[in-house]
1. Among the residues of segment 203-219, write down those that are hydrophobic (A, V, I, L, M, F, W, C) and either open to solvent by 30 Å² or more (accessible area, probe 1.4 Å) or assigned to a helix (DSSP H, G or I) (or both).
2. So in segment 392-415, with the set limited to residues that are outside any loop (DSSP other than H, G, I, E, B) and more than 16 Å from the ligand (Cβ to nearest atom), which one is farthest from residue 37 (Cα to Cα)?
3. What tally of residues in segment 266-300 results from selecting those that are closer than 24 Å to residue 216 by Cβ, within 16 Å of the ligand (Cβ to nearest atom) and touching a strand residue (DSSP E or B) at 6+ places or on another chain (Cβ under 8 Å)?
4. If the requirement is being surrounded by 17 or more Cβ atoms within 10 Å (Cβ to Cβ), within 20 Å of residue 306 (Cα to Cα) and touching a residue at least 60 places away in the same chain (Cβ under 8 Å), which of these qualifies: 280, 222?
5. Working only within segment 417-438, note down all residues that are in contact with a strand residue (DSSP E or B) (Cβ under 6 Å, 6 or more places away or on another chain) and among the aliphatic types (A, V, I, L, M).
6. All but one of (1) more than 16 Å from the ligand (Cβ to nearest atom); (2) farther than 29 Å from residue 585 by Cα; (3) crowded, with 22+ Cβ neighbours inside 10 Å hold for residue 360, so report the exception by its number.
7. Return yes when residue 537 is among the basic types (Lys, Arg) and on the phi < 0 side of the Ramachandran plot and no when it is not.
8. On the basis of being away from the ligand (no atom under 16 Å from the Cβ), open to solvent by less than 10 Å² (accessible area, probe 1.4 Å) and touching a residue at least 40 places away in the same chain (Cβ under 8 Å), does residue 428 make the cut?
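The values are calculated or read from the model by the stated rules, or taken from the named source; none is laboratory data. On a predicted model such as this, the values are computed, not experimentally measured, just so you know. Cβ: placed from backbone, ideal geometry, glycine included. Neighbour counts: every protein chain shown. We work out accessible area using only protein heavy atoms, side chains counted, and drop any ligands, DNA or RNA first. Shrake-Rupley method; radii C 1.70, N 1.55, O 1.52, S 1.80 Å.
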Amino acid sequence: MNNLHVKILLQITLVLIAITTTPCKAMEQMGKNTGYPISAVPFTKVTLTDDFWAGRIETNRTVTIPFGFKKCEEEGRMRNFAKAGGLIEGRYEGQMPFDDTDVYKIIEGASYSLTIHPDKELEKYINDIIELIAAAQEYDGYLTTWKTIDPNTTPARWVRPGPRWYHLAASHELYNAGHMYEAAYAHYRATGKRNFLNIALKNADFIAETFGPGKKLDVPGHQIIETGLIKLYRATNNRKYLDLAKFFLDQRGNAAGHRLYGAYNQDHKPVIKQDEAVGHAVRAVYMYAAMTDIAGIMNDSAYRNAVEKIWDNMVSKKYYITGGIGARHEGEAFGENYELPNLTSYNETCAAIGNVYWNHRMFLLSGDAKYIDVLERTLYNGMISGVSLSGDLFFYPNCLESDGKYKFNRGSLTRQPWFDCSCCPSNIIRFLPSVPDYIYANRDDSLYVNLFIAGKADAEMDKTKVQISQKTAYPWDGKVVIKVDPQSSQKFAVNIRIPGWAVGKPVPSDLYHYLNVTNEKVTLKLNGESIDINMDKGFAVINRNWSQGDTIELNLPMPIRRVIANEKVKDDLNKTALVRGPIVYCAEWVDNDNKVLDMVIPDDAKFQAEYKKDLLNGVTIITGDVLDASGSKRKLTAIPYYAWSHRGPGEMAVWLPRKPVLSSAH
Ligand SMILES: [Zn+2]
């Protein structure tokens, strides 16, 4: 081991200096070349000034990214690359065949972070890791460290040792490749440097020589190489990568090419014939995201039909009110239709992240706000719950109820610093810096405002550049002031999403509805004057000649609402959940005399909302008089679901009964 590598292994603390910069050209160009009719305004063009997301992204930058790299050093993930490259001796360290991917995912998040906060030290650190990755790559492009170090041993009992591509259902070799492509693409976009991209391309070229018609016909056991290949296609315009992505998708469920893995891997029938969200939830949403890419880039209606049907099934029957997906611990999988338990709900953080990726693509394909409704619900609840406010404690599953006994978080009752399988922490790291990607989008002469987050963005319309800004205290307040500043006066449409939650539809299906519909209406003003709301696909469309300083004021009333689940959801029968705006609430033991599972929320209970600046980084809480199980009066304090489990383990519930045990017997 030379000095350089000793330095990498010892370097723990990263000093990150925040300075503003202009995004690199590579990123700008690739952001447009997506194959979708609608383009996201890239996060490099978006500046956040809000109290909710800007703080989370900053914590990700200053705490979670260095923490993740440190964990990867301590647990041997960096050493695995050095060993595979022959730089040091030793066995593979780690219990998973995909430990390489944690390094890739943290590089991805760190790269995106670099585009907003240039940091020479971090850039150098990443470059040193890329040198290790290059060393670990075999002469022909192959790269999976556990196989290269010793293919005759196995990191986990469920993976059989053997030569390359043996037991591909579990070996994760193509999964490792996919995360490498995603990271290399991010690094190239962020820095303009090709050192990581070249490793990825060499690997992808080798895989394209190995797999395809007339060659190996197997499919990856865990999807992600498909979206990764599509990103390489975007970076290079080389059609080979797109074709290989489609090949892997088309091969799924095709028994002529390989022994089918079954529904757990979404390999039970051809993807264009699939119409139900099944199997391992993370594998599933990564695949649906790739299918949506194919539908967009190749204008493939069979793929589009399939993802629309699967989406309908998921949102109508397999979707938690928190936006979580994947109900079962067993197999980390979607359950049967309406199988949505609370105490044992799984809802892997990675699945929530994958669901955001997928729904964003569905929006870019269709321009329909219902996909952003799903994205937003997941973002503010079941995704951000996955990381603590401090940035260094995580949920792998995100349950909707705790009895203080069932160790839901992979053997723990509360948030954990890391896991033997650390996919979720590293996924949080790669995902969070890209949150500003989801706020704005544009198409020809239409500008979309999808999410309400204070800050500003520069959008390039067909005929003019437009700066758009938002002032709002969302998600705690539904007033949003949007200023539209075109470079020169121009006619175009501003499409402002009117969230389903604000117009009586908490989700775009009949899976959940509100108990009480309030009379408070969404209102819209233009330059101080009330205007009629002209709706199209969930957006209020204002099509006019815009001039500098034009101001829109949107008001989304945020009364405390009660959600009722479809009666086919047995676990939520006769129960209600409290929500306010996009935020789902829960009652936690620490605010409620140590006990919440005996609580009853009668339909006539009155509630108040109050913003607490000093609680849990600033949250709006809900308080009111409720009952206990025997019908006696007691007080309820509810906090946002995402913020639970910061004050020790104990009882928590999102869904609570509407009637005391005694009276409900009648
Ligand atoms: Zn995970």
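1. Here is the first cut: in segment 203-219, the ones hydrophobic (A, V, I, L, M, F, W, C) are 204, 206-208, 211, 217, 219.
Those that are hydrophobic (A, V, I, L, M, F, W, C) and either open to solvent by 30 Å² or more (accessible area, probe 1.4 Å) or assigned to a helix (DSSP H, G or I) (or both): 204, 206, 207, 208, 217.
2. Result: 403.
3. So the count comes out to 2.
4. Within the list 280, 222, the selection yields 222.
5. Within segment 417-438, just 428 meets the criteria.
6. (2)
7. Details: among the basic types (Lys, Arg): yes; on the phi < 0 side of the Ramachandran plot: no.
So residue 537 fails the test.
8. Numbers: away from the ligand (no atom under 16 Å from the Cβ): no; open to solvent by less than 10 Å² (accessible area, probe 1.4 Å): yes; touching a residue at least 40 places away in the same chain (Cβ under 8 Å): yes.
Answer is no for this residue.
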